[in-house]
Amino acid sequence: MDWGTDLWDQYDIIEKHTQSGLDLVEKYVKFVKERTEIEQNYAKQLRNLTKKYSPKRGSKEEQECRFSNHQSFLDVLNEMNDYAGQRELIAENMMMNICIELTKYLQELKLERKSHLSEAKKAQQSLESTYKQLDSSKKRFEREWREAEKAAQYAEKTDLDINATKADVEKAKQQAHMRSHVAEECKNDYAAQLQKYNKEQGQFYFTDMPLIFNKLQDMDERRVKKLALGYVQFSDTEKNVLPIIGKCLDGIIRAGNNVNERNDALVLIEQHKSGFERPGDLEFEDYSQGINRTSSESSLGTPKGPLDLLSKNKSKPFWLFAKKSKFSSPLTPFTTPPAPSPANGSPSSPKFGRDPLSYCLKEINKTVKPRISSFRTLRRTRNTIKKKSMVKKRKETQKPNSQPTVTEDFGHLPPEQRRKRLQQKLEELAKELQKEMDQSEALGKMKDVYEKNPQMGDPASLAPQINQTTQNMERLRGELSKYENWLTEAGGRGDTLRGDTLRYSTQSFNNNGAHDTFSPDGAHSDEGTPDPSQAIYAEFDDDFEEEELAAPIGQCTALYNFPGSSEGTIAMQEGEVLSVVEEDKGDGWTRVRRSNGDEGYIPTSYVSISLNK
């Protein structure tokens, strides 16, 4: 069944149907365009949303990305940004594969339909023209035949008229004969036109129009097939990106699973641990006995309770460890109370004088026994006294209630944070020094090449660069020495930098002719500075070249795996039991020992410690 056979007389219906099909294609193209606009707007809004909640570079939020929950939120934003990209890809593919393709195909269909309808119109016009000729010949035949009949009747009447002359009769017969001949010619012409029309009509209804209708049917079927393909592409376009969208959603799930609440708590400790000791108990000062007030390390000056502090600023919550309290608050653990004035009596302990460090060293020299337990313990005691002395001097020079100024040695920071910043600075200087050393080595090789092959270049042209590199190396070595002294002063072990920083500093001292030495635990001491305790340490160095193994003070169980990749540290596995040799001194590291005698430092937060009573 086809249109040319079954719909031979439904030209108007076929014309309207094909036009309706083209309108449907055009309507579908508009629908897909609006869908792409929706997808583009959706993707744009998603991108704006992720940009709105993404942290600005250098902002506080970016610094908090070390926490797993903050980092996971950034991962969620990144996955949503990728998801928006997939929505844009859907819109782009729909526009390219559906809208543009169907629009181009629609124009071709319109031209093809117009061509087929034009052929049908020409065939119909040709048939109508033949029909007009047929009708004209028919009417002429009818008119001439009537005229011939009238002429024949007149000739017969004239022949019967007795009054008519012979000439009149002859004339009437000739006229009738002529009319009859003309009528016969019109009859033959009408017959010919009728035969022609019938032939063209048969050609029109059985050949021309069915062929045109079949072409329109084929065109319409191809349109429907193309439109159906567009329907399928509408779904496939989105289905093709579903795997990637699924990966984006899986990435969001992974971001949620990567949140580690325990690790975030440890990161907060690592980031903000001050290293201060908790304030001790206040001593009872009995004014009724008339005894002069004495100062001690545990005294916090004039007793002030939390209510007294709160009364100064009731709008702010009471917190002992606010930023200002680290250096200016009377509750700071390391604050030294003011010395009593002469009006209140003479100092209760004149032995200390102005330099408690010298007094402590003298007392040690007097009371030291022939053998001590550990040289490392004595050196650590000395460093602790020096550190407290420096903290005291720094606090005395600072004005009350003033903001701490940023210093080059990071003295404005708490002890723990200061050690970390100094270690970071040492790592940076070590990298810069390594870079300069590599450059110096490269310049030396280039100079040797120029000396062996003068045609390649002048060795003297490298002198300025070599001198500049040498100056940079000397400057960096001086910086390394300075920051290592500050790190030692801050109580840092320097184990993590001993493999790099210490080696460079040692080389710099040897090259410059300096006589600095390093203690076994990484502490740096300057021999050029006179120190009354040097004689003590010299005796100890002679008597105790090898340190005795300290007795364990407890045990610890590893909560997490620790690689121990840095020098001075020791690796451990989760659940491993180790002996505690040295307790954490506030820097976040504990010294432990295995059963086989291996010793090293591990992060305190990575173990559960049980000390011996």
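The values are calculated or read from the model by the stated rules, or taken from the named source; none is laboratory data. Predicted, not measured: the structure shown is a model, and the values here were computed from it. We place every Cβ from the backbone using ideal geometry, glycine too, and count neighbours over all the protein chains shown. Note: accessible area is taken over every heavy atom of the protein model, side chains too, but ligands, DNA and RNA are not part of it. Shrake-Rupley method; radii C 1.70, N 1.55, O 1.52, S 1.80 Å.
For I212, indicate whether it is in a helix (DSSP H, G or I), more than 24 Å from V29 (Cβ to Cβ) and open to solvent by 70 Å² or more (accessible area, probe 1.4 Å).
Working: in a helix (DSSP H, G or I): yes; more than 24 Å from V29 (Cβ to Cβ): yes; open to solvent by 70 Å² or more (accessible area, probe 1.4 Å): no.
Answer is no for this residue.
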query = Inside segment 472-487, can you point out the residues that are of a type in the set (S, T, Y) and more than 37 Å from the chain's Cα centre (by Cα)?
reply = S481
message = Is it the case, given these coordinates, that G564 is open to solvent by less than 30 Å² (accessible area, probe 1.4 Å), within 36 Å of the chain's Cα centre (by Cα) and in contact (Cβ under 8 Å) with a residue 24 or more places away in the chain?
response = yes
note = G246 meets each of (1) over 30 Å from M95 (Cβ atoms); (2) without any contact (Cβ under 8 Å) to a residue 40 or more places away in the chain; (3) open to solvent by less than 70 Å² (accessible area, probe 1.4 Å) with one exception, condition (1)
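Listed here are the residues, each with its yes/no results for (1) polar (S, T, N, Q); (2) within 30 Å of L117 (Cβ to Cβ); (3) open to solvent by less than 90 Å² (accessible area, probe 1.4 Å).
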| residue | (1), (2), (3) |
| --- | --- |
| Y28 | no, yes, yes |
| E37 | no, no, no |
| K44 | no, no, no |
| R47 | no, no, yes |
| K52 | no, no, no |
| K56 | no, no, no |
| K60 | no, no, no |
key: Pair list, Cβ under 7 Å, 6 or more apart: segment 163-174 residue assigned to a loop (DSSP other than H, G, I, E, B), other residue modelled with pLDDT of 80 or more and open to solvent by less than 100 Å² (accessible area, probe 1.4 Å)   = A164/T158
query = Could we say that Y197 is within 30 Å of M95 (Cβ to Cβ), of a type outside the set (A, V, I, L, M) and either in contact (Cβ under 8 Å) with a residue 12 or more places away in the chain or open to solvent by 100 Å² or more (accessible area, probe 1.4 Å) (or both) here?
reply = no
task = Say whether the condition of being at pLDDT 90 or above, under 30 Å from Q125 (Cβ atoms) and surrounded by 15 or more Cβ atoms within 10 Å (Cβ to Cβ) is met by at least one residue in segment 227-239.
result = no
request  = Return the total of residues in segment 438-467 being surrounded by 14 or more Cβ atoms within 10 Å (Cβ to Cβ) and without any contact (Cβ under 8 Å) to a residue 12 or more places away in the chain.
outcome  = 1
ask   = Here are some residues: E108, E88. Which one is of a type in the set (D, E), open to solvent by 50 Å² or more (accessible area, probe 1.4 Å), without any contact (Cβ under 8 Å) to a residue 60 or more places away in the chain and over 30 Å from L46 (Cα atoms)?
value = E108
query = What do you reckon, is T5 in contact with a Phe, Trp or Tyr (Cβ under 9 Å, 6 or more places away or on another chain), in contact (Cβ under 8 Å) with a residue 40 or more places away in the chain and surrounded by fewer than 17 Cβ atoms within 10 Å (Cβ to Cβ)?
reply = yes
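I need a count of the residues in segment 441-484 that are in contact with a Pro (Cβ under 7 Å, 6 or more places away or on another chain) and among the hydroxyl-bearing types (S, T, Y).
Within segment 441-484, residues that are in contact with a Pro (Cβ under 7 Å, 6 or more places away or on another chain) and among the hydroxyl-bearing types (S, T, Y) number 1.
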request  = Inspect all residues belonging to segment 54-66 and state whether any of them is touching a Gly at 6+ places or on another chain (Cβ under 9 Å) and over 26 Å from P210 (Cβ atoms).
outcome  = no
task = Look through segment 8-26, keep the residues that are among the hydrophobic types (A, V, I, L, M, F, W, C) and open to solvent by less than 70 Å² (accessible area, probe 1.4 Å), and return whichever of them is modelled with the lowest pLDDT.
result = I14
